[in-house]
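So the structure is just underneath, and the comments pick up after that.
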Amino acid sequence: MKKNVLSIAATAVLLSGLAACSSTTSTSGSTSEAPGPDALKNAKGVTTITLWHGITGSNGDQLQKLIDQFNDNNKGKIRVTSTFQGAYADLLAKYTASLRSKSAPTVMIAGDVATGYMTDVKQSIPAADMARANPGDLKLDDLVPAASSYYAVNGVQQAVPFNVSTPMLWVNRDLLRQAGIPDSAPLKTLDQVVSAAKTVYTKTGVNGFTMPDDDWYIEQLTSSSGENFCTPDNGRKGKAPTGIAINRGTAKEAINKIADLYTSGVAVDGDPQGNAAYDIFVAGKVAFDFYSSGVNSGFKSDAKFDFQALPFPTNGPKASSGPIIGGSSLWLSSTAKPAAQVAGWKLESFLASAKSQEQFSQATGYIPVNKKTLESSSEKKFLAADKNAQAFVDQVTNTPAVTQTAGCVTGAMTTIRTGNINQLQAAFAGQKSVDEALNQAASDAKTALQQYKSQLGN
Amino acid sequence: MSAPNTSIRRKTRAPRPGTVVRFIVVIAIAAIVFLPVYVSFLSAFMPNGEIVRNGIWPNVTRFTMTNFIKAATSTPLPQQYLVSIAVVTLQTIAQMITGALAAYALVFPRWRGRGMAFILVLITLAIPGESIVIPNYELVSQIGLRNTILGVVIPYLAAGYPIFLLRQAFAAIPSEIWEASRLDGAGDLRALFAIIMPACRPQVTTAIIWSALAAWNGYFWPLLITDTDAARTVQVGIAQLPSSDATNPAVVFAGVVLVVIPTMVLVIAAQRFLVNGLARGVLR
């Protein structure tokens, strides 16, 4: 997309400039002391802080509700102004520009994939440091492990997860019944799902499978096969990743199984933004759809048939396979004044608190990041009434917390994703063989990772 | 006025086969080009999945305006429309004035370095927008114009392309016209705005269309330089509609329709003007 190219290019241009800055300044949180509650207590008047985010649509309205509540609770002491600054890539480009002109926001809600970038530019105080210095606020142990491990790099918690989504296998139960597949039929493994999709197609003529052409689902197929998407160790254990693993082992197997569905006509093409996959599913023209848990309320109002969200199918050993979370997290600026930093930490604690997460998740369809939310009786009632919402929570709770499911951390993720999806679309359309496409994607990713490394000045 | 009963019957000739073929080809191409626009417009008026369910012929009973209401209320759209109109007006007028003045200087008066200056203007066309967005941001921030309409238009008060278009147009005018006007006692400005510009109406119209469209479609720069919803253009406002996690395709289409309609109106209106100007220019 033209807009994305512009902002990715702008970010790249800036990154080379920042590389010099970040390696010479020593204001990163790991060397200086994180401020404690006294910094805010001793501050005179109202401490104003800024929050930038890329949360669109009605979810953005729900975030604003939380911000308004926080402002009410802290009247006279803290005031938060929150601004939408463009979705994902634009948000990062704007953030990078603001770093140069020293007008970075106090708190930044950055998307999941930005984790590598945000860590590498060293402009944020790690959440672990703030939690240690402010024992009265958020306790990191309260966070759901699958969510916190995504935002921990080298064992140090960098950011606080705010909204968490998980990929699901959405099933049109009516279509399956028409094809003679009973509700009790197992659909836990990729093989079972693929064969069911083929059955629906041959028995009813309706397409069996679709998904948005988003590399996120390729990453899920990889992690659900027990493989690290990027090697070594998804970049989580100290060494920056040097390549991706989609063209070998069980990951390649899984991708091949899906590509097979496309080239044989069982699957119908989604589109990169997910609009086509969404419309096709709600129109009842496909049996299985990979999609984020976030579409729950959309499907509820638009799909007029019996549907269900099932856990993402696995293709590997249970102990090391599972899906990767999506969503975004809260990053605290290391260049803001100490009073603003503590105020920002209080905001983050509020947004990740059990009550806020309950309110936010119920209204949006994201999954609560705070373990304590699940203990509340109103949340239990809500989950009992919405089978799919319960399925989301179960999937996130039951995901093993291993490097495979922690997802790949590198600032080159956006480039890798674009490269991958271009190759895979060609493979799904039959323009090149899947092997060719995967090898090309892996080699493009290798180049992208090398370029990112050199931009950082390592 | 009684119609004379003379049998001057219009001879209806059968259309030539060449014309028929041309019509069919043009209509086929137009249909292909127009199909995505049609689907987008239709989807905006329908609930999600309707076109997949029932094909591209609309089921009139399913028409709904809820998508437009949702799109229009997700951001302060009326305010943003006004901002967009202000940006378009300021940018277009400024680019026309600076473009006309520059083109005039590059064509009529002879001066040393005239050719070099034109080359420098052409070089700016080769500079990618991405590389100058950040320096512009820093400069405009330092001046203190962040989050203002002026801040949005300032880097674009002059542009290389209109200068190029107008320069080419002015160069094509026979120099006698300019010399005659000067002999009549017109100063440079009068010659430019009273004689030269009207003689190049099609090219001026093209330049206006280009400037206006570029200003209306600007997204990244207005996003970068503004911080509050109320100061933003409609393109930035509409960008808040799509969401990867909780998408509502029909609302996104509605937003697209709201943003595209003014540009369609502009192009359709300007085209008439364009064609008129062309015809007038030929029949001199």
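The table that follows gives values for the structure above.
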item	result
Flag if A:Ala427 is touching a Cys at 6+ places or on another chain (Cβ under 8 Å), of a type in the set (A, V, I, L, M), buried (at least 19 other Cβ atoms within 10 Å of the Cβ) and closer than 23 Å to A:Asp271 by Cβ	no
Selection within the range B:206-254 - surrounded by 20 or more Cβ atoms within 10 Å (Cβ to Cβ), in a helix (DSSP H, G or I), at pLDDT below 90 and not hydrophobic (A, V, I, L, M, F, W, C)	B:Gly237, B:Pro249
Matching residues, the range B:224-267, being touching a Phe, Trp or Tyr at 6+ places or on another chain (Cβ under 8 Å), aliphatic (A, V, I, L, M) and within 11 Å of another protein chain (Cβ to nearest Cβ)	B:Leu224, B:Ile225, B:Val236, B:Ala239
Qualifying positions in the range A:251-276 - within 14 Å of another protein chain (Cβ to nearest Cβ) and either in contact (Cβ under 8 Å) with a residue 60 or more places away in the chain or in a helix (DSSP H, G or I) (or both)	A:Val268, A:Asp269, A:Gly270, A:Pro272, A:Gln273, A:Gly274, A:Asn275, A:Ala276
Top-ranked residue in the range B:73-95 [being assigned to a helix (DSSP H, G or I) and touching a Gly at 6+ places or on another chain (Cβ under 8 Å); ranked as nearest to B:Val251 (Cα to Cα)]	B:Ser74
Boolean, A:Asp120 is in contact with a helix residue (DSSP H, G or I) (Cβ under 8 Å, 6 or more places away or on another chain) and within 14 Å of chain B (Cβ to nearest Cβ)	no
From A:Thr399, A:Thr414, A:Thr405, A:Thr410, residue being on the phi < 0 side of the Ramachandran plot, crowded, with 22+ Cβ neighbours inside 10 Å and at pLDDT below 90	A:Thr414
One residue from A:Tyr201, A:Tyr217 being closer than 28 Å to A:Gly419 by Cα, among the hydroxyl-bearing types (Ser, Thr, Tyr), in the same structural domain as A:Phe428 (by TED's automatic domain parsing) and buried (at least 21 other Cβ atoms within 10 Å of the Cβ)	A:Tyr217
Residue within the range B:170-179 that is touching a Gly at 6+ places or on another chain (Cβ under 9 Å) and of a type in the set (Ser, Thr, Tyr) present	no
Odd one out for A:Pro135, checked against (1) more than 10 Å from every other protein chain (Cβ to nearest Cβ); (2) assigned to a helix (DSSP H, G or I)	(2)
Residue match in the range A:32-44 (condition: of a type in the set (Asp, Glu), modelled with pLDDT of 90 or more and loosely packed, with under 12 Cβ neighbours inside 10 Å)	no
A:Gly327 vs. criteria in contact with a strand residue (DSSP E or B) (Cβ under 6 Å, 6 or more places away or on another chain) and assigned to a helix (DSSP H, G or I)	no
All strands (runs of 3 or more DSSP E) inside the range A:37-111 with 1 or more residues being within 23 Å of A:Ala339 (Cβ to Cβ), in contact with a helix residue (DSSP H, G or I) (Cβ under 8 Å, 6 or more places away or on another chain) and within 11 Å of chain B (Cβ to nearest Cβ)	A:47-53, A:78-84
For A:Phe382: the one exception among (1) farther than 29 Å from A:Asp260 by Cβ; (2) aromatic (Phe, Trp, Tyr); (3) modelled with pLDDT under 90	(3)
Check on A:Gln359, among the polar types (S, T, N, Q), over 19 Å from the mean Cα position of the chain (by Cα) and surrounded by 24 or more Cβ atoms within 10 Å (Cβ to Cβ)	no
Conditions (1) part of a helix (DSSP H, G or I); (2) touching a Pro at 6+ places or on another chain (Cβ under 9 Å); number of the one not met by B:Lys70	(2)
Matching option when the condition is under 21 Å from A:Ser333 (Cβ atoms) and at pLDDT below 90, among A:Val121, A:Val160, A:Val153	A:Val153
Members of the range B:133-168 found to be part of a helix (DSSP H, G or I) and either β-branched (Val, Ile, Thr) or not assigned by TED's automatic domain parsing to the domain that holds B:Leu106 (or both), listed by number	B:Val133, B:Ile134, B:Val140, B:Ile143, B:Ile149, B:Val152, B:Val153, B:Ile154, B:Ile163
Residue that is out of contact with any strand residue (DSSP E or B) (no Cβ under 8 Å at 6 or more places or on another chain), buried (at least 24 other Cβ atoms within 10 Å of the Cβ), farther than 15 Å from A:Gly407 by Cα and in contact (Cβ under 8 Å) with a residue 12 or more places away in the chain, where the choices are A:Ala133, A:Ala93	A:Ala93
Complete set of residues in the range A:219-243 that are under 18 Å from A:Leu456 (Cα atoms) and not β-branched (Val, Ile, Thr)	A:Gly235, A:Arg236, A:Gly238, A:Lys239, A:Ala240, A:Pro241, A:Gly243
Out of A:Ser377, A:Ser349, sole residue that is touching a residue at least 12 places away in the same chain (Cβ under 8 Å) and among the hydroxyl-bearing types (Ser, Thr, Tyr)	A:Ser349
A:Phe312 being under 18 Å from the mean Cα position of the chain (by Cα), outside the structural domain of A:Lys44 (by TED's automatic domain parsing) and at pLDDT 95 or above	yes
Selection from the range B:96-132 of residues that are within 14 Å of chain A (Cβ to nearest Cβ), within 23 Å of the chain's Cα centre (by Cα) and assigned to a helix (DSSP H, G or I)	B:Gly129, B:Glu130, B:Ile132
Of all residues in the range A:279-300 being free of Cβ contacts under 8 Å to residues at least 24 places away in the same chain and within 24 Å of the chain's Cα centre (by Cα), the one that is farthest from the other protein chains (Cβ to nearest Cβ)	A:Lys300
Residues that are within 22 Å of A:Lys102 (Cα to Cα) and aliphatic (A, V, I, L, M), drawn from the range B:117-148	B:Ile132, B:Val133, B:Ile134, B:Leu139, B:Val140, B:Ile143, B:Leu145
Failed item, numbered, when A:Glu379 is tested on (1) under 27 Å from A:Ala131 (Cα atoms); (2) not assigned by TED's automatic domain parsing to the domain that holds A:Ile109	(2)
Flag if A:Lys285 is in contact with a strand residue (DSSP E or B) (Cβ under 9 Å, 6 or more places away or on another chain), of a type in the set (Lys, Arg) and farther than 25 Å from A:Asn398 by Cα	yes
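The values are calculated or read from the model by the stated rules, or taken from the named source; none is laboratory data. Predicted model, so just to flag it, every value in this text is computed and none were measured. Cβ coordinates were reconstructed from backbone atoms using ideal geometry, including for glycine residues, and neighbour counts include every protein chain displayed.
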